[in-house]
1. Being among the charged types (D, E, K, R) and either surrounded by fewer than 24 Cβ atoms within 10 Å (Cβ to Cβ) or at pLDDT below 95 (or both) is the filter here, so list the residues in region 32-81 that pass it.
2. Please work out if residue 223 is open to solvent by 10 Å² or more (accessible area, probe 1.4 Å) and either under 11 Å from the mean Cα position of the chain (by Cα) or touching a residue at least 40 places away in the same chain (Cβ under 8 Å) (or both).
3. Check region 226-233 and report whether any residue there is of a type in the set (Ser, Thr, Tyr), part of a loop (DSSP other than H, G, I, E, B), touching a helix residue (DSSP H, G or I) at 6+ places or on another chain (Cβ under 8 Å) and at pLDDT 85 or above.
4. For region 101-119, give me each residue that is within 30 Å of residue 197 (Cβ to Cβ), touching a residue at least 60 places away in the same chain (Cβ under 8 Å) and in contact with a Phe, Trp or Tyr (Cβ under 9 Å, 6 or more places away or on another chain).
5. Filter region 159-180 down to residues that are in a helix (DSSP H, G or I) and touching a residue at least 40 places away in the same chain (Cβ under 8 Å), then give me how many there are.
Amino acid sequence: MDMSVLDFLASVLRIATPLLFGAMGSILSERAGVFAVGLEGMMLAGAFGAALFTFLTGDAVAGIAGSMAAGAVVAAIVGVVSVRLGADQMVTGLAVNVLVAGATSFLVRTASAHAHVPSLQAALLSPWPLPVLSGLPFVGPLLFSQPPLTYLALALLAPLNFFLLRTPWGLTLRAVGENPAAAYAVGVDPNAVRMAAVIAGGAIAGLGGAVLVLQQVGTFTDGMTSGRGFLALAAIIVGRWTPWGAFAACLVFGAAEALHLRLQMSGLPVSSYVMQMLPYLIALAVLAGLGRSVRLPAGIGRYIERKSA
């Protein structure tokens with residue numbers, strides 16, 4: 001196969017990686033019955049946490065841990081306000097997105113007070129070609145010569161699918177998202193399950209921000225997620241709230257972004273701003289075509305009032 005085609009497909013996988021982390025995190029939240037509208041803020045917080053901890057320690061592992069912690073903190077805010085206090089989940093998510101955008105903008109300027117441009121630098125993670133496997137024709141360059149966080153995203157897909165469909169904990173989480181009253185009747189605390197799912201989902205979504213900083217850009221700047229959280233939400237809707245379905249949708253959106261980058265480099269007389277719209281236009285088209293028939297988890301968005309013993 002032409003190497004340019006292989007390079008394009010490999011870049012699609014790399015570009016889809018932050019979307020995939022965001023999608024997996026939001027699947028946990030929404031399957032438990034909590035809208036993941038704050039996903040953009042969780043990913044942006046994860047990007048800031050990755051940049052800050054890598055900048056302070058010089059260790060990418062610390063940056064990855066920082067991204068998960070930052071994403072989990074933002075998710076905990078969403079959980080407390082919407083799950084514990086009963087605020088509207090959609091409004092809470094949107095408010096958190098705005099809060100994180102402002103907070104990270106302030107914090108990056110504080111951390112880089114003496115720099116000409118407000119940003120935090122971090123060394124990019126190099127690809128890790130796997131011995132023997134990276135030499136295989138076609139699949140070697142495509143799947144086994146990727147950066148480490150891409151491997152991690154792919155490695156999480158099967159365990160997450162197994163957790164949701166084949167374990168008692170996954171069954172409980174899905175039951176809370178479908179019928180929280182029935183779950184409560186059998187002795188499960190739906191609010192506790194929802195809080196755990198939202199925070200775990202936020203930690204995973206934070207890794208999506210880490211990918212942007214540590215694998216794609218090498219720096220943190222204002223609003224660098226640029227709507228990727230909303231693309232990840234579109235991916236889970238198209239993918240019917242399943243890890244593998246969301247993965248397929250993320251690849252479609254990743255291909256759209258990779259294509260727009262190729263078109264920019266080709267020198268076509270088209271504004272770069274118009275080309276940047278391409279992934280979002282494709283997301284809207286896919287949602288219009290495939291998203292109309294999807295069925296939300298039955299209990300999503302419903303406040304569960306705590307009952308006294």
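1. 59 - this is the single residue of region 32-81 that is among the charged types (D, E, K, R) and either surrounded by fewer than 24 Cβ atoms within 10 Å (Cβ to Cβ) or at pLDDT below 95 (or both).
2. yes
3. For region 226-233, residues of a type in the set (Ser, Thr, Tyr), part of a loop (DSSP other than H, G, I, E, B), touching a helix residue (DSSP H, G or I) at 6+ places or on another chain (Cβ under 8 Å) and at pLDDT 85 or above: absent.
4. Result: 104, 108.
5. Final tally of qualifying residues: 9.
The values are calculated or read from the model by the stated rules, or taken from the named source; none is laboratory data. Predicted model, so just to flag it, every value in this text is computed and none were measured. Neighbour counts run over all protein chains shown; Cβ positions are idealised from the backbone, glycine included. Protein only, heavy atoms only, side chains kept; ligands, DNA and RNA dropped before computing areas. Shrake-Rupley method; radii C 1.70, N 1.55, O 1.52, S 1.80 Å.
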